[in-house]
Every structure is written in C-alpha cells, then in structure tokens.
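Student: The structure that follows is given in the form of structure tokens.
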Amino acid sequence: MPLLEVRNLHVCVEGREILHGLDLTVNAGKVHAIMGPNGSGKSTLSHVITGKPGYQITAGRLLFKGEDLLAMRPDQRAAKGLFLAFQYPVEIPGVTTMNFLRTALNAQRKARGQSGYSTPHFLKKARTAAKQLNIPQSMLKRGVNVGFSGGEKKRNEILQMALFEPDLCILDEIDSGLDIDALRIVADGINAMRSPDRSMIMITHYQRLLNYVVPDVVHVMSKGRVVKSGDKQLALELEASGYAQFEDAA
Amino acid sequence: MVAARETVERIARTGVDQYRYGFETLIESDKAPKGLSEDTVRFISAKKSEPGWLLEWRLQAYRCWLTMTEPTWARVHYPNIDYQDIYYYAAPKPKKPLSSIDEIDPEILKTYEKLGIPLREVAILEGVEPAPGGEPSANRKIAIDAVFDSVSVATTFKAELKKAGVIFMPISEAIREYPDLVQKYLGTVVPVSDNFFARLNSAVFSDGSFVYVPPGVRCPMELSTYFRINERNTGQFERTLIIADKGSHVSYLEGCTAPQRDENQLHAAVVELVALDDAEIKYSTVQNWYPGNSEGKGGIYNFVTKRGDCRGKHSKISWTQVETGSAITWKYPSCILRGDNSRGEFYSIAISNGFQQVDSGTKMFHLGKNTSSRVISKGIAAGKSRNTYRGLVSANRNAVGARNHTVCDSLLIGDKCGAHTVPYVEAKNSSATFEHEATTSKISEDVLFYCIQRGMSQEEAVSLVVNGFIKEVLQKLPMEFAVEAQKLISISLEGSVG
Ligand SMILES: Nc1ncnc2c1ncn2[C@@H]1O[C@H](COP(=O)(O)OP(=O)(O)OP(=O)(O)O)[C@@H](O)[C@H]1O
Ligand SMILES: [Mg+2]
C-alpha cells in the first residue's frame, strides 16, 4: 500500500480551478521531488494534502496510509504523521518557540493516545535537535519566527520536522533563501531523517538541493497536473532545458 | 477564512454559555425595601450602626446623585436602568454573630468552594487559630476578604496581618474600629460629587475592603477580595479603600463572579487608593462577572470607578486588570500623579465575546514634576462584541518633565466584532513627552493553520495566539493569578476548553 495516493484531484480556489486532475503516488521510504514553474499549483497541492481551509475539492481522492484524508481535520492529519514545512513560515509574537514546540508535540501525542512529555525530557529533546541544526538556544526563547532571518525560519521548520518525526514530510521550497552553509545543514537534517518508513516530498526550483538530498523520483508539475515523472536525471534535464517542453503536455 | 469562520461560529455557540460560576446559592437574606430614597440610605447606615458623619456623607452623595443624569458618552448601549427597581442592600441572614469560620452558613462556604476560593483551608476568623498541624504553608499565603452580595463574610489571616501592623478588614468593620483613619481618607480620591455611578455608590455602599499599611511595612502576603453577587435584582456597591503609608508596599487582588440570570444586574463599585511618599500599591483585578448568554440576555452591568492617588513623592500605583466578564464594562482605573517623581501604571487585558460591550481604559493625570506613566492595553474582541479603549493622559502646568508611554493593541477574532481606540491627550506644558502606539489586527488564518498543521486543535491554536498577544500584561499579574487568568481566558474564548 502506498503511503500517499492522490487520484484525479481537482481543486478550486475562489471559483477558479487550480489543480486539474492531479495524480501522485508516494511509497514508504521514498524521497520525491516536485519541480514546476511559478503558479503551477505546487503549494496548493501541499495545502490540500494537509487540509488548509479555503480550497474546494471538486473531484478526486486523497489517501494517506490507506485512509481518506478528506475525512480528517488538519490536526488529525498532523497526528497521523503528516508534516508540512511551509514556503512562508508565519510569525507568532509572544509565543516562545519552545512553548510552541511543546504545545504542538504534546497535542499530537495526546491525539495518538500517548502521554505528554515531561518538561525536562522535552527540553532535552528540543535542545539536542536544535544543536544538530546549528540553532542557538537563544532562538528557542524568542517568539516563533519573530525577527528570524529567512534562513533561520527554514531551519526552524526542519527543527519541527525532527521533533515531530512525521511519516510524510512535505518540504515547500525549503532551500529558498538559504546560504550555502545553511543549505548543507538543512540537507544534512533532512538526510538524517531518511528511513525506510518515512517519505518526503520536496518542492523545489533548484537542482542544487537535489545534489545534497538525492531523490528517488522527480515529478514535473505544470498547470495543475503532474506532467512527467522520472528519476534524478529528469531534474538535470530540466535544469538544462527549462519547462517549455512540458507546456504543451499540460 | 473558513477556519476563522468556524472559530467564530463555535465561539458564538458555546463561548458565553460556558460560564462556570452561574450557580445560585439558596440562603435567607436580609434586604432593604426595593428602590432608592433618603430612607434607603438611612436604612443602610442604620443597619451598619454607622456614625453620624458617615450618614451625612452618604446623604450628601445621594443629593448630588439626584442632580445628575447617567453618562452617555461611552460606546455602550443598554436599556434605561430603573433605579427604583433595585434592592440596594442584601445581607445573608446570620443565625447568630460569627466567631469562627464554622459558623458561616455552610451554603456560603460551599459557594466559595465551588468558586475555588479556599476559605476553609486557609481561613481564620478573628482570633481563631488554626488547628494543630493545620498551619497553611508559608509560601501560599493569601489573605482573603470575601464579599457575598453586599456584606463581607470572612476575612482570613487577620491576626497574622495584625502582627505586621497591617489592617485588612471589611470597611464596615473599619468604620467601627478605625473611624478616624476611614474618615481621614474616605472620599478624598473619589469625592461624593464625582461621576454618576460613584455618587450612587457613595450613597448606598454596603461593604467592601479596607486596607491600611503602616509606614515602612512591606505587607507580608498578597491581599485578596472575592466579590460575589447572589441575590436577584440586587445592586452591588462595594467600596474599597487602600492606604499605603510612607515607604510601605502592598499587593492586592480582587476577583469577581455572579450567578447566571436573565435580568441584568448593576455593579457600581468604587475603589480608592492612596499612596504616600515612597509607597507602592499594586492592584490586580480578575473580573469574571456573568457576561450574559449567547443571545445577549442577562449579565452584569459593571460601572466601576477606580482611582489611585499618588499623593506622596516617589510613590507608585500600578493597576493590572484581566476583564473577561460582564455584559457591559464601563471602567477607567486612573492615577493622579500628584507627588513629584511618582509613577502610574495600567496594564489591561479586556476580552469580549458574544454580545459583551467593553468601554475601558485609563486616565493618567500628571500633576507633579517628573511624573511618569506607562499604559499597555490589550483588547480582544470576538463574537458580536464591542471593545473600546478610552484613555486620557494629561499634564498640567507644573508637571515638568512628565512622561507617558501608551501601547494599545487590539485583536479581532471573526468579522462581526469591533475594536476602537479613543485616546485623549492634554499637555499644558511643553516639557511633557507623551507617546502613543496603537495597532489593530485580526487573528490570521495563516497563523491558525500553521499551529493546526502542527497538531493543535483549533481551540488550542486560538488560545496560544491570544496568550502570546497578551503575554506582556499577563506577566504583570502575581504568579498564581496569572495561571488562573490564563485558564479564564481560554474558557471565555473557547468554551469547550477546561
Ligand atoms: N487563495 C488564493 N486565491 C486566489 N488564487 C490563488 C490562491 N491560492 C493560490 N492561488 C493561485 O493558484 C495558482 C497556484 O498557486 P501556488 O501557490 O500553488 O503555486 P506554486 O506552484 O506553489 O508557485 P511558486 O513556485 O511561485 O511557489 C496561482 O496562480 C495562484 O495565484
Ligand atoms: Mg509555492
């Protein structure tokens, strides 16, 4: 059984159809990359999978671990193991990163019928994870993403992924805004989490990330559909010749 | 907008109907006849065996009140109040004079237990020592004065406070035991000729708390009063008077609840604070009067006058308030910065939901040299509520070097509520520095989804964001009340939580 199965997905936003019958299958343990021009619907797909309100699903099926995602609230999907690293992480003033992480983690654990982590246990876990991503302790005491640089926000997303240990990680342009060192740290963080049970969908515009995190499958998205799938070679071809060749196919 | 809409709908459905303190206590009570006249005033004064000067003072206030009409400038709307349809005095009927906590009507004790107020555990009425081994732990000491309808039913830790020289007792008792002290200060901050509701209070106030901290004394524990309205059609008019003598320090907290009723009930309290040279008063309020139901029926009208007088040099008065209840709140805790180098602070969280209307803020009157004031107001409006911040900062000619900094933030949840900011600034000398910052924001869909994607329920997400928004003010509350306030805020916004 695939971990994620998207079939013939049609999605409208404010009356306009953005995804026009999209298909995607992700098996356990695989890393997929999705590439595609601006506005092709990549972020929309990630939002629909995780259940962001405001999208009308007019047709199609979404299965996660064989269960109907559309019947689950977004927080239930998170507790089931779905994680989205946002293209634009938001700021939450007055809520320390530590408090945010703990509230979220314990909410997930509670939903799964697990007991909440004690404060010392949690602090230890969070500090260790932060250290691996080169995130200073002082950042954990600041408001969530408040005044963080672009790169710091992205690292904070990976920190959350490391703590929550989800089964499917969708990373929306995790590489944008990162300097070369930060890219390597983030890529190491992602690679450290690769496992036979965990899958990833990396949305990116650049081959560079894929040199560090080598994907099993590469998809090209155009105008609300997956128009071509292949192996890592496909990303190299795209880099050489651009998206024009796929415009007709879409 | 879907999540926000759902939040709004859920709040509208459940929010205000989740009031947890809406039970009624069945006890016999002793009431004055309905309505207000000179006779009512005399009845109350006689009930309390008051000295002549106080009766005269009340009558003067009553006559002042007659000459005035209700103020209408606040951004709140309500049907006319029939002042003749209210009971102005209701006391639980004691079976005999009380000498220990065990003699308090068990129904009243039960009420306070339901409210989470540990009268029984910590209570010692006058002269009654705790049972051996029953000594409360030192780090948790809070002296409590509980006011049930109009009368004070228990003051705890009175003996221990007495040792420190601190007087903390019902004001009716203070009038008997320390008449000179009361006469010297009563009405010197809020005179009998003050606003409409203050005049009414001066005429008919029935009880409240009195605190006197002698020179140089740091009050050894938090002082706390819990107000509870129980009787039907009863107005509650407490009078609180706190005096911090030279170089003393006191922290005081009041909490309020009322039963759930279909009719509106009037609450018109007056609080007067006096800080002499180098003294400091910290006054915190957690106000959770019944706000009315989800259709806007019932609830308390909270028309309160609170004013602090920084009478001495280098004195300081700090108001912190968490306002979650009441159908209508009309309240402007103020500071008169009379002493040179005195300081006033106002930290406020005002949450409105359902059909609640809040018109609240502060007034900082800079009279002395180098006086400073700081205002942080956080208003949160949900449901169909109206939330207005109204603030005045003034400096007179002698207030050389006066400084004020005001931060006023509003957060809207949903699109049927409203928030307004009405600042008034009057500087009569050019050396005053007044700064005002104001923001209004909506709780953003993207922020909510970010939290929910991380596994939080909608309730948890709203609560987390709101708590972040008010954190600066929450930190000003005494530790244990901050926790209590945080819970209260969750309840008043989410309903289902708790
Ligand atoms: N809330 C919305 N209202 C209107 N249009 C929207 C909304 N959200 C997305 N769209 C439109 O849907 C299309 C797809 O947007 P989406 O963000 O999914 O693209 P993307 O592939 O992630 O692009 P990029 O590479 O620039 O991040 C765009 O044309 C966008 O304008
Ligand atoms: Mg995008």
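Student: Using 0.36 nm per residue, how much length does the chain from B:LEU66 to B:ASN429 gain when fully extended, once their Cα-Cα distance is taken away?
Tutor: Numbers: separation 363, 0.36 × 363 = 130.68 nm, distance 3.71 nm.
Computed gain between B:LEU66 and B:ASN429 is 127.0 nm.
Student: Taking a 25 Å limit on the Cα-Cα distance, which of the listed pairs A:LYS125/B:LYS442; A:LYS80/A:LYS125; B:LYS316/B:LYS363; B:LYS34/B:LYS384 fall beyond it?
Tutor: A:LYS125/B:LYS442; B:LYS34/B:LYS384
Student: Further question: Give me the extension gain from A:SER138 to A:GLN245: residue separation times 0.36 nm, minus the current Cα-Cα distance, reported in nm with one decimal.
Tutor: Stretched fully, the A:SER138-A:GLN245 segment lengthens by 33.7 nm.
Student: While we're looking at this one, here's another question. Can you give the local net charge around B:ASN387? Use residues other than it whose beta-carbon is closer than 15 angstrom to its beta-carbon, Lys and Arg +1, Asp and Glu -1.
Tutor: Result for the local shell: +4.
Student: Evaluated at 4 °C with a viscosity of 1.567 mPa s, what Stokes-Einstein diffusion coefficient in µm²/s does region B:403-449 have when Rh comes from the Kirkwood expression over alpha-carbon pairs?
Tutor: Working: Rh = 13.2 Å.
My calculation gives 98 µm²/s for D.
Student: Here is a further query. So how exposed is A:ARG142, as accessible area in Å² (1.4 Å probe, rounded to 10)?
Tutor: Surface open to solvent at A:ARG142 totals about 90 Å².
Student: Taking R0 as 22 Å, what FRET efficiency do you get between B:SER193 and B:LEU54 from their Cβ-Cβ distance, rounded to the nearest 0.05? Don't jump to the answer; show the numbers that get you there.
Tutor: On the way: r = 16 Å, r/R0 = 0.75.
Between B:SER193 and B:LEU54 the formula returns 0.85.
Student: Quick one: if you stick a label point 7 Å off each Cα along the C-beta vector at B:THR440 and A:TYR212, how many nm between them?
Tutor: Taking the two extended label points, one gets 4.4 nm.
Student: To continue, here is another question. Return the ratio Rg/(2.2 N^0.38 Å) for chain A, where Rg is computed over Cα atoms only.
Tutor: It is 1.00.
Student: Once you have all Cα-Cα distances for region B:422-462, histogram them in 10 Å bins from zero and send the whole-percent values.
Tutor: Over region B:422-462, the share of Cα pairs per 10 Å bin runs 22, 26, 15, 17, 16, 3 percent.
Student: Give a quick list of trypsin sites (Lys or Arg not before Pro) in region B:274-353 that DSSP marks as loop, anything other than H, G, I, E or B, with at most 16 other Cβ atoms within 10 Å.
Tutor: Passing both the DSSP loop test and the Cβ count: B:LYS297.
Student: Might you work out the accessible area of B:GLU435 for me, using a 1.4 Å probe with all protein chains in place, and round it to the nearest 10 Å²?
Tutor: Solvent-accessible area, nearest 10 Å²: 90 Å².
Student: Determine ³J(HN,Hα), in whole Hz, for all residues of region A:27-44 in sequence, where each value follows from phi through the Karplus function 6.51 cos²θ - 1.76 cosθ + 1.60 and θ = phi - 60°; x replaces Gly and Pro.
Tutor: Karplus-based 3J(HN,Hα) across region A:27-44 equals 8, 4, x, 9, 10, 10, 10, 10, 10, x, x, 3, x, 7, x, 5, 5, 4 Hz.
Student: Determine the order of B:GLU70, B:GLU437 by accessible area, beginning with the largest, at a probe radius of 1.4 Å.
Tutor: The residues order as B:GLU437, B:GLU70, largest area first.
Student: Hey, with R₀ at 41 Å, roughly what FRET efficiency would A:LYS65 and B:ASP415 work out to, going by the Cβ-Cβ distance, to 0.05?
Tutor: 0.65
Student: Does region A:101-208 classify as rounded, prolate or oblate by the C-alpha gyration tensor (a ≥ b ≥ c root eigenvalues; a/c under 1.5 gives rounded; else a/b over b/c gives prolate, otherwise oblate)?
Tutor: oblate
Student: Right, here's the next one. Calculate one ³J(HN,Hα) per residue across region B:237-251 by plugging θ = phi - 60° into the Karplus curve 6.51 cos²θ - 1.76 cosθ + 1.60, and present them in order as whole Hz with x for glycine and proline.
Tutor: Couplings: 10, 8, 10, 10, 9, 10, 10, 9, 6, 3, x, 9, 8, 8, 10 Hz.
Student: How high is the relative contact order of chain A? Use alpha-carbon pairs under 8 Å, at least six apart in sequence, and give a whole percent. Walk me through the numbers on the way to the answer.
Tutor: Values: 452 pairs, mean separation 69.7, N = 250.
With pairs under 8 Å counted, the relative contact order is 28 percent.
Student: Here is a further query. Give me the number: length gained by fully extending A:THR58 to A:TYR88, i.e. 0.36 nm times residue separation minus the C-alpha to C-alpha distance, one decimal in nm. All intermediate terms of the calculation are to be shown ahead of the outcome.
Tutor: Details: separation 30, 0.36 × 30 = 10.80 nm, distance 2.62 nm.
Length gained between A:THR58 and A:TYR88: 8.2 nm.
Student: Given labels modelled 7 Å from the Cα in the Cβ direction, how far is it in nm from B:ASN396 to A:LYS232?
Tutor: Placing both labels 7 Å beyond Cα along the Cβ direction yields 8.0 nm.
Student: Which entries in the list B:LYS378/B:LYS416; B:LYS158/B:LYS471; A:LYS110/B:LYS476 go over 26 Å, if you measure between the two C-alpha atoms of each?
Tutor: B:LYS158/B:LYS471; A:LYS110/B:LYS476
Student: Return the Rg/Rh value of region A:1-88, two decimal places, where both radii are evaluated on C-alpha atoms and Rh is the Kirkwood radius.
Tutor: Details: Rg = 12.5 Å, Rh = 13.4 Å.
Using only Cα positions, Rg/Rh for region A:1-88 is 0.93.
Student: What accessible area, in Å² to the nearest ten, does a 1.4 Å probe give for B:TRP53?
Tutor: 60
Student: Right, something else. Rounded to whole Å and sorted largest first, what semi-axes of the equivalent ellipsoid does the C-alpha gyration tensor of region A:167-250 yield via the square root of 5 times each eigenvalue?
Tutor: Those come to 23, 15, 11 Å.
The values are calculated or read from the model by the stated rules, or taken from the named source; none is laboratory data. Note that the structure is a prediction, hence the values are computed from the model and not measured. In this analysis, Cβ positions are derived from the backbone assuming ideal geometry, glycine residues included, and neighbour counts consider all displayed protein chains. In case anyone asks, the SASA skips ligands and DNA or RNA and just uses the protein heavy atoms, side chains included. Shrake-Rupley method; radii C 1.70, N 1.55, O 1.52, S 1.80 Å.
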